[in-house]
Structure formats: C-alpha cells, structure tokens
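The values are calculated or read from the model by the stated rules, or taken from the named source; none is laboratory data. Keep in mind the model is a prediction, meaning the values are calculated, not measured. Positions of Cβ are generated from backbone atoms using ideal geometry, with glycine treated the same way; all protein chains shown enter the neighbour counts.
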Amino acid sequence: MDNDDGDMNTALMVDGNAVAGQLEQIFGRDMTMTVARCAGCARDAAMGALLAFIRGPGVVLRCPACQNSIARIVETPTAIYLEARGAAYLRMAPQP
Amino acid sequence: MAGLISRGFLGRRRPAEVEDRLPPGQYLVTDFPVLSAGPTPHTPLDQWSFTIDGLVKSPVSWSWDAFKKLATETYKVDISCVTKWTKLDTKWLGVSVDTLLEAVQVDPMGRFVMAYSDGGYTTNLPLAEMVKGQAFVAYQFDDKPLEPVHGGPARLVVPHLYFWKSAKWIRGLRLMERNQPGFWESLGYHIHGDPWKEERYSGD
Amino acid sequence: MVQPALEWQAGTVTAIRPETRQTKSFTFALPKWMAHRPGQHYDVRLTAPDGYRTERSYSIASPPEQVGELELSVELIPDGEVSPYLHDVLMLGDQLEMRGPIGGYFVWDVAIGGPLLLVGGGSGVVPLMAMLRHRAAKHATLPARLLYSSRSADDVIYRDELDSLAASDPTFALFYTFTREPPVGWTGYRRRIDGAMLGEVIKPFDKRARVYVCGPTLLVEAVANALVQMELPIEQIRTERFGPTGT
C-alpha cells in the first residue's frame, strides 16, 4: 500500500516494539527478541515484529502472517492481565 | 510511588459547562478517536449478513439489502469509552434491537446476549438492556455511511454502557442463558460496564 | 548478568534544539544513565495534577558513545497530547519522567555488521540516526546506506549532519526522496518509496543487506512487503512501525 490515506486503522497499527517497556515490566527482561509461534498458522515471529493494536482498552498482539490474536494485555489500577492462548509457545534465550 | 507531577501539564478537559454530562473520570473529546483490537475487516456487502441465533425458536438472518429495508430511527446520544474519552451528541441512523427481535422468538432462558463481529470480537450484554430503545445497529454516522474505521458497514451502539460494548463490524447477536464474558470482559474489564457507576474493571 | 529492573526516573532537560519546523531535539541528564544500543527507545510519562497520566515512546537519537546524556528527537503532532507539551511547555531545567533503554529487536551496532541499509520516513529516521552516529563514532567502514523519505527539504531532520557524513565518509551513501515538495532543481527521487526505488538503492548490497525500516506504519508495510518480494531473507529485515504520519 503506497497511499497515506489508506485505512486509518492499519495506519494506527504499530508493533511489539511499542509495548516493549510494558512487556519488560511483566517478564523482567526484554521480550522483543522472544519468538512466538502462532497457534493458528504455526509461523514464528519475534515479539518485536508482532502487529500491535494499542489504542483500545488493552493491547492485542497479532501474528504478522495470519493476524490471529497471539497475546492480549490489560492493565487495570490493581492488576495486569496477560492472555497468550494464541501462542503455541514463546521461545527465548536462557537468561542473558 | 506518587511520581512526578509534570510542570504545566494540564491533562484533558472536563469543561464546566458540560460537567454534568460527563460520567465520573471521563474527559471531553470533540474528534472521534479510533480504537481497535485488530485490523479493519472488509467483508463485501454481498457477503455480509446479520444473524440472531442461540436461544431462539429459529435463527434469522438478513442480507445487507434486506437489512437496509428494515425500519430505522435517528439517534443523538453521548458515548463514553473506558479509555476515558466522552463524545457528546453523536448522531446515528440505525435499526433498533427491538425491531430486530420482532423477527425471532426468544427462549425464556435467553436472558443474555453475546454480540459477535467480523474479526472475532465479542461482547456480552443483558437482553433487558438492549430493548426499549437502549440499543441499535447503526449504519450511518453523522448523516454519512458508517466508515470502516468506525465499524462500518454496521456496528452495535449501546450508549448507556462503555463503548467497548458497542461492537464494531457486528454480524450477529447470540441469545444465551448465562452472562458469559466477551473479549474484554474475560480479561479484566467489568461484566456490565455502566459509566455512571464507573464500572470499568471487574471488581469495581 | 541480571538486567537491571526497568524503572521510572526523572530526566532533566539540559538542552533543546530545533531540528526542523516540526521537530526538536531534547537532551536529558539522567540520574541512572546507562549505555543503550542504537535503535532503542525510552518511554516518557506525563502526570497532571489530578493524577491523569499518559505515556509515549521516543527513539533515542544519540549514540551510546555520548556518555552520560540522552537525546530524543520529537516530532510535533498538532492535535497530539504529549508532543505539544514537549515542544511548547518543557523548558531547560524541567524534569521529565522516563524509563529505558527499551528494546532488543530493533537494534544495530557495529558488532552485528553489514552491509547496512537503513530506510526511514519522517521521524522514523531518529533511531536510524543513532545507528549512524554510533557507526561514525566507531569509525566503522562497513558499507551503509540511508534511504530517507520526507515531505520537503524543510522536513529533513539532521540534514546538515547527514550531508556532512555523506561528503566525508566514502563508505556511507545517502538517498533522499521527497513526497510533496522537492527542493528547487532536485534531480533525485521524488515519490513515496516503492519497490523500484528500493531495488536501485539496495543493488550493491543485494541479498546480503541487513535492513532496518522505521517510520509511519504504511511506509514500513510497503517497504517490508517490497523487500520480501525481492526475496531478501526475512531474518535480515527489522521493522519499527511508528503508527500514523503526523498530518
């Protein structure tokens, strides 16, 4: 797509880099290089490369290949929720 | 930790002249923010349908052409998003859920509704809060066809609850026996979502 | 080695420099500065007296060799919430809550090697500039190219520095493209980045290129798709989407 006036929703989309700080708070380490295997299409992607929808009530991280939801994060004043049923697994280096 | 107060940062507006129309903790916006959980679906209208199923005597579906022939009403309502923005006097045209329900016979056990959308989004509501003019399926906003980024071709609008309940890209309503949590309700958001009671999160 | 916990700290503004009419660079002194990797960012947080809070992420413009301080370059978004505050209210000596450095995916340093192709649009050039400044500080000679898309000549951030770098470093090549108003007499690219343009710029590097793409989401999507179509191995492409263009 070479048109800036293309779908605003796509234009607003970012990627896992945008939630890297949030993920680091949750996991205690950088997660952008962690590989997520999509439970839907079995493709691998670094979490920094996952598509991210961040402007709503929570964050939704999606597979760049099939757009399936891989993980969701909600922060409330009293809790952080993480759901990652869309990941067959997360694969990361042993603690650096 | 209290954190630093940023010198000269005033945050968002709660103007005195509309103070009584803003639910607690909300701020006034005059644009129409775009928030989504996923990419914009693009179902061609000749493949679009709207269905009422679940605990009904027999499910019913409308094609886009049939849906457009249903009686419509105009609405002017205030909408509040759980992310704290409120927009006043939004104008819509759509079909009331009352009109849609005339086409089905709801089982007495069907006291709750799961609204479901293209892209997999869901949200749950009590049936009693969708009738008597409280909810509608809109396909025009501000006298123009509803844009895809705002949920077009058609979205649910339930103005008395937080706007995450007003499912974009809606494709149907499923009548159910129990109040099962939808997409955000199953991840920390309030099962009901009344902005005037500030029911943002489960446990509120 | 255990990573230090990511925590908020109060950075103090020590310098403000306009780069273009829409972009300013802010230099901060941090109580707990730590060397970052080029491409990383900091999260910035504003808190209003009533407790209202909002956060944004800004890429680090300075190289880690600029020890003890941090430079962020921020584009003014006219209807924005945070960038107007930074541009119009923040003064020397003010404090800004920030945490970082953040990110391990969109990073490059000389140890990773080249040849290096950087593709940026608008403020997407900021993390790429950190990479180039780091490369220069290390006197690296691995080949590097920057393809930088801007609306007009007035919108090119770091113009003088980039032109100087291109003039003085034979291993660095610079390509501008202008999408709205090219400079008078411009004979270079004058359109949005597309496959043909990328093909020309990447030619000497061919399939060995390590590519970093940053900027508005639609630009990143278009460039990444074109690179994949050129059969560049996907492991050699790193992307960072900034969201919508500012006006």
Q. Which one of these is hydroxyl-bearing (Ser, Thr, Tyr) and out of contact with any strand residue (DSSP E or B) (no Cβ under 6 Å at 6 or more places or on another chain): C:TYR105, C:TYR158, C:TYR148?
A. C:TYR158
Q: Scan segment C:190-216 for residues that are within 20 Å of the chain's Cα centre (by Cα), basic (Lys, Arg) and more than 13 Å from chain A (Cβ to nearest Cβ) and jot them down.
A: C:ARG210
Q: With the condition kept exactly as written, say whether any residue in segment B:74-88 is within 14 Å of chain A (Cβ to nearest Cβ) and over 15 Å from the mean Cα position of the chain (by Cα).
A: yes
Q: Evaluate segment C:174-187: report whether one residue or more is touching a Leu at 6+ places or on another chain (Cβ under 8 Å), within 14 Å of another protein chain (Cβ to nearest Cβ) and closer than 15 Å to C:PRO115 by Cβ.
A: no
Q: For residues that are touching a helix residue (DSSP H, G or I) at 6+ places or on another chain (Cβ under 6 Å) and assigned to a loop (DSSP other than H, G, I, E, B), scanning just segment C:67-85, find the one that is nearest to the other protein chains (Cβ to nearest Cβ).
A: C:ILE77
Q: Name every residue in segment B:88-109 that is more than 25 Å from B:GLU177 (Cβ to Cβ) and surrounded by 15 or more Cβ atoms within 10 Å (Cβ to Cβ), in order of residue number.
A: B:LEU88, B:THR90, B:TRP92, B:LEU93, B:GLY94, B:VAL95
Q: Please work out which one of (1) closer than 22 Å to B:MET114 by Cα; (2) among the β-branched types (Val, Ile, Thr); (3) buried (at least 18 other Cβ atoms within 10 Å of the Cβ) is the condition B:THR72 fails and give its number.
A: (1)
Q) Can B:ALA135 be described as among the small types (Gly, Ala, Ser), more than 26 Å from A:VAL74 (Cα to Cα) and under 14 Å from the mean Cα position of the chain (by Cα)? A) yes
**Q.** Every residue from segment A:70-81 that is under 11 Å from the mean Cα position of the chain (by Cα) and either surrounded by fewer than 17 Cβ atoms within 10 Å (Cβ to Cβ) or more than 7 Å from every other protein chain (Cβ to nearest Cβ) (or both)
**A.** A:ILE70, A:ALA71, A:ILE73
Q. Which residues, counting only those in segment B:172-204, are of a type in the set (Ser, Thr, Tyr) and either in contact with an Asp or Glu (Cβ under 7 Å, 6 or more places away or on another chain) or in a strand (DSSP E or B) (or both)?
A. B:TYR189, B:TYR201
(Q) Checking C:THR14 against (1) exposed (fewer than 15 other Cβ atoms within 10 Å of the Cβ); (2) within 14 Å of chain A (Cβ to nearest Cβ); (3) among the polar types (S, T, N, Q): exactly one of these is not met. Which one? (A) (2)
Q: Look through segment B:110-157, keep the residues that are part of a helix (DSSP H, G or I) and within 14 Å of chain A (Cβ to nearest Cβ), and return whichever of them is surrounded by the most Cβ atoms within 10 Å (Cβ to Cβ).
A: B:HIS150
(Q) Condition first: farther than 20 Å from B:LEU187 by Cβ, over 14 Å from the mean Cα position of the chain (by Cα), of a type in the set (Ser, Thr, Tyr) and within 12 Å of chain C (Cβ to nearest Cβ). Can you find one or more residues in segment A:3-15 that meet it? (A) yes
Q. Which is modelled with pLDDT under 95, part of a loop (DSSP other than H, G, I, E, B) and closer than 22 Å to B:PRO39 by Cα, of A:GLY40, A:GLY6?
A. A:GLY6
(Q) I'm trying to understand the selection: among the residues of segment A:16-39, which are at the interface with chain C (Cβ under 7 Å from one of its Cβ atoms), surrounded by fewer than 22 Cβ atoms within 10 Å (Cβ to Cβ) and among the hydrophobic types (A, V, I, L, M, F, W, C)? (A) A:MET33
Q. For segment C:42-66, how many residues meet the condition of being assigned to a strand (DSSP E or B) and away from every other protein chain (no Cβ under 12 Å)?
A. 1
Q: For segment C:86-122, name all the residues that are away from chain A (no Cβ under 13 Å), buried (at least 21 other Cβ atoms within 10 Å of the Cβ) and part of a helix (DSSP H, G or I).
A: C:LEU86
Q: Scan segment B:46-66 for residues that are of a type in the set (Gly, Ala, Ser) and closer than 16 Å to B:GLY94 by Cα and jot them down.
A: B:SER49, B:SER63, B:ALA66
Q) Do any residues in segment C:217-240 that are within 13 Å of chain A (Cβ to nearest Cβ) have Cβ atoms under 6 Å from those of residues that are among the aromatic types (Phe, Trp, Tyr), where the two are at least six apart or on different chains, and which pairs are they? A) C:ARG238/C:PHE106; C:ARG238/C:TYR212; C:GLU240/C:PHE106
Q | Residue satisfying all of: in segment B:14-53; of a type in the set (Ser, Thr, Tyr) and within 11 Å of chain A (Cβ to nearest Cβ); surrounded by the fewest Cβ atoms within 10 Å (Cβ to Cβ) among these | A | B:THR40
